[in-house]
Structures are given as structure tokens and as C-alpha cells.
Amino acid sequence: MLSHTLEHGVLVITVDQDPGIAGRATLTTHITNLVDAHQPTPVVIVLTERAGGHAAVSAVLRAHQWCGRLGVLMSVVTHSAPVRRLLEANADSSGPRLVVHARVDTAISTAFTAAA
């Protein structure tokens, strides 16, 4: 369902498939556990093409709320323009803004620079 690496001091979590509504809570828990374990490291979540469904998007939005409460910088990468628009339209606006990128390298370098 997901994998993670540390790249240039940034936690990169890759979600490779949509978990469906039944797996949304589990995916959210996996992401937030990784965030907890690596905080205050900035986080980039990569949604692959197969992970662009509503359940994965919902889990990412919940993780964004979690990161906001912890003060952890979080951004998302997806190649899908409709998914980027969905994330931007539904992101929690009470905390740090959710930045959505189309390219992984741009997201990692931006997160690294912002955290420095």
C-alpha cells in the first residue's frame, strides 16, 4: 500500500494504490505513524496514478490535518491535475497551506529548502 524513504532530510511516503473506503483509516494511521516517528522532518506524500482515488485523497487530507497540529511541513505530489485540484479544494485551511506539486523532485527540494 505504501513505502517510505528519507531523501535530503525529507520523509517521502509513496502511496501506490487507493485502499478503498475500507482501508482509508489504515492508510491514514500508517502515514501518521510515520510522521510521528520522523517529526519534525518535512513530509512529501507521493500519490501514484493508481492511488488517485477518493479514499487515498481523504487519507492524505487527514494526514495534512495531523501534520498541521504537529507543526510538520507537508506537501503532496500527483501527476493527476484533477486529483491536485481535489486536494487543493478540500485541504484544511486552518493550519499550514497544503502545497500540491506535479513533480517529486520539485516537492523534495522545496520541502528541504523550506525546512532549512
- What relative contact order, as a whole-number percentage, does the chain give when Cα pairs under 8 Å and 6 or more residues apart are counted? 27
- Ranking Thr78, Ser94, His38 by how far each Cα lies towards the positive end of the charge dipole of the stretch 12-113 (+1 on Lys and Arg Cβ, -1 on Asp and Glu Cβ), the top one is Ser94
- Which residues qualify? For Met74, with a placed amide H closer than 5 Å and at least 5 residues away or on another chain, they are Val43
- Query: By its C-alpha gyration tensor, with a ≥ b ≥ c as the square roots of the eigenvalues, how is the stretch 54-110 shaped: rounded for a/c under 1.5, else prolate for a/b larger than b/c, else oblate?
  - Reply: oblate
- Item | For the chain, calculated [θ]222 nm from helices alone, where every DSSP H run of n ≥ 4 adds -39500 (n - 2.57) | -16000 deg cm²/dmol
- To the nearest 20 debye, what is the magnitude of the charge dipole of the stretch 12-113 about its Cα centre, counting +1 on the Cβ of each Lys and Arg and -1 on the Cβ of each Asp and Glu? 160
- Note on the structure: Whole-percent carbon and sulfur contribution to the accessible surface of the chain (1.4 Å, no ligands, DNA or RNA) stands at 54
- Query: What whole-number value in Å² describes the accessible area per residue of the stretch 12-113 for a 1.4 Å probe?
  - Reply: 49
- Message: Under the rule a/c < 1.5 gives rounded, and otherwise a/b versus b/c splits prolate from oblate, where does the stretch 12-113 land using the Cα gyration tensor?
- Response: rounded
- Probe 1.4 Å, all protein chains present, accessible-area order of Thr28, Thr5, largest first: Thr5, Thr28
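The values are calculated or read from the model by the stated rules, or taken from the named source; none is laboratory data. Since the model is a prediction, treat every value here as computed from it, not as a measurement. Cβ coordinates were reconstructed from backbone atoms using ideal geometry, including for glycine residues, and neighbour counts include every protein chain displayed. These accessible areas exclude ligands, DNA and RNA; they are computed on the full protein's heavy atoms, side chains included. Shrake-Rupley method; radii C 1.70, N 1.55, O 1.52, S 1.80 Å.
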